Amino acid sequence: MRILFELSGEHPKLPEAELAGVLDGERLRWKLHGRDRLRSTIILDVASKDASFAGRLALTKRAVGIFSIGKDLKAIAAAVYPKIRNARSFRVRCESNTVERELGALLHERGLRVKLENPEETVEVVRFRKGWAAGLGIPLDRDFEPRHPLKRPFFHPTSLRPKTARLLLNLARVKKGDRMLDPFCGAGGILIEAGLMGLKMTGRDIDDRMIEGCGKNLAHFGVNAVLECRDALSAGKGRFDAVVTDPPYGKSSTTLGLGLQDLYERFLLSASAKIRKGGRLVMMLPGEYRLRHPDFTLLGKHRIRVHKSLTRVLWVLEKD
Ligand SMILES: C[S@@+](CC[C@H](N)C(=O)[O-])C[C@H]1O[C@@H](n2cnc3c(N)ncnc32)[C@H](O)[C@@H]1O
C-alpha cells in the first residue's frame, strides 16, 4: 500500500532513519514514491496490506494510507469514493477549508452522508508538493505520557523518556519475538517499551537497587523480562538479536570508578560476543567519543541536542 508519513521536524535525519528501521525490522519491502522536503512528508510504497507497523513510530506525527495524489479534486473523489462507500458517514479533514468543502461536496453528491462530529470515516487530505494526497489515517501510538518516568512506581532521574526509548528500539530493527538485551537497564525505560512491543528481553544492571526498581516498573506495565544484577563488561549468557542501551553518563548513575571513555570502549568490545551476526547495537552516549569497534560496522551517528550543555550522540552499529 501507498503510505504518507508526516515526519517530526525535531531532527533532520532520525525520523527517516527510524522509519527505515521499522520497515526493515518488520521485513517489509518498500520503495520511495516521493518526498516533499518543505513539509517533511514522505510517501512510500510498502509491500503490505497491513499498516499496523506504523503504530510503533516515535518520530512520525501522522500516517495516511493514500488512495489518490493530484490536483484535481474530482479525480480524488472518484478514487476515494469506493474505499468509503459503505461508511454511514464521513468528513474531510484538510489544512485548506476550500478542499474540505469541495471534496466533501463531491463525495456527498455521490450519496455519502457528511457528519462533522464523530463520523465513521475521516478522509485525510495532505498537501503534497503542488497537489494533494488523500486517504484514510493510520492509528499511531503516540500517547507516551502514562509511561513518563515520573508516573512509574520506581523513579530514577537517569531514566529515558518512552519516546526516546522507542526510537532507540526502532533503530535497532527489531520485531515482535526478537531477543534484546539492555545491559545497563537502570529503571527500565528501554525495557518497558521493548516489552510493549512484544520483544523477549533481558535487563542487566550492576546495582541491585536498580534491578529491584526496574522489576517494579515492568510489573506495573504488565511486561516480563529476565533481570540480572551483573556487570555489563562481563561475559554473561546468551546471544541476542539486538542490544539497545543507554550506558551511565557518570552524573547520577555509577560507573564504578571507570572513566567514561574506558567504560564505553570496554563495553563495545564485550558486547560483540552478545549479539548475533547482523544484529544491531544501538546506544546513546552523553557526547562525542572516539571509540574502537573492531567487530561492528558503524551505520550511523546522530547528534541530539538536549540543551546548551548536553548533546547526546546516538550510535547505530551492526555486528559483522
Ligand atoms: C543511564 S542509566 C540507564 C537508564 C535506563 N536506560 C532507563 O531508561 O531507566 C545507566 C545504568 O547503568 C548502570 N551501570 C553502571 N555501570 C554498570 C556496569 N558496569 N554494568 C552494568 N550496569 C552498570 C547504573 O547502575 C545505571 O542504572
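Tabulated data for the structure shown
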item: Qualifying strands (runs of 3 or more DSSP E) (wholly inside the range 14-93; at least 3 residues being closer than 24 Å to Leu299 by Cβ); result: 30-36, 41-46
item: Tally, over the range 129-156, of residues that are part of a strand (DSSP E or B) and open to solvent by 10 Å² or more (accessible area, probe 1.4 Å); result: 3
item: Qualifying residue in the range 264-284 (condition: under 16 Å from Leu160 (Cβ atoms) and more than 9 Å from the ligand (Cβ to nearest atom)); result: yes
item: Single condition Glu117 does not satisfy, out of (1) in contact (Cβ under 8 Å) with a residue 24 or more places away in the chain; (2) within 30 Å of Ala77 (Cβ to Cβ); result: (1)
item: Residue within the range 285-304 that is open to solvent by 80 Å² or more (accessible area, probe 1.4 Å), over 29 Å from Asp24 (Cα atoms) and among the hydrophobic types (A, V, I, L, M, F, W, C) present; result: no
item: Scope the range 99-119; condition in a loop (DSSP other than H, G, I, E, B) and touching a helix residue (DSSP H, G or I) at 6+ places or on another chain (Cβ under 8 Å); matching residues; result: Arg110, Leu112
item: Wholly enclosed helices (runs of 4 or more DSSP H) of the range 157-222 bearing at least 2 residues farther than 25 Å from His302 by Cβ, away from the ligand (no atom under 12 Å from the Cβ) and not assigned by TED's automatic domain parsing to the domain that holds Ala20; result: 208-220
item: Number of the exception - Pro119 against (1) touching a strand residue (DSSP E or B) at 6+ places or on another chain (Cβ under 6 Å); (2) closer than 30 Å to Gly279 by Cα; (3) surrounded by 15 or more Cβ atoms within 10 Å (Cβ to Cβ); result: (2)
item: Residue pairs meeting the criteria (Cβ under 6 Å; at least 6 apart or on separate chains; first touching a residue at least 24 places away in the same chain (Cβ under 8 Å), in the range 206-234; second aromatic (Phe, Trp, Tyr)); result: Gly213/Phe154; Lys216/Phe154; Asn217/Phe154; Ala232/Phe184; Ala232/Phe267
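The values are calculated or read from the model by the stated rules, or taken from the named source; none is laboratory data. Computed from a predicted model, the values in this text were never measured in an experiment. Every residue, glycine among them, receives a Cβ derived from its backbone with ideal geometry; neighbour counts consider all protein chains shown. Ligands, DNA and RNA are stripped out before the accessible areas are found, and what is left, the full protein with its side chains, is counted by its heavy atoms. Shrake-Rupley method; radii C 1.70, N 1.55, O 1.52, S 1.80 Å.
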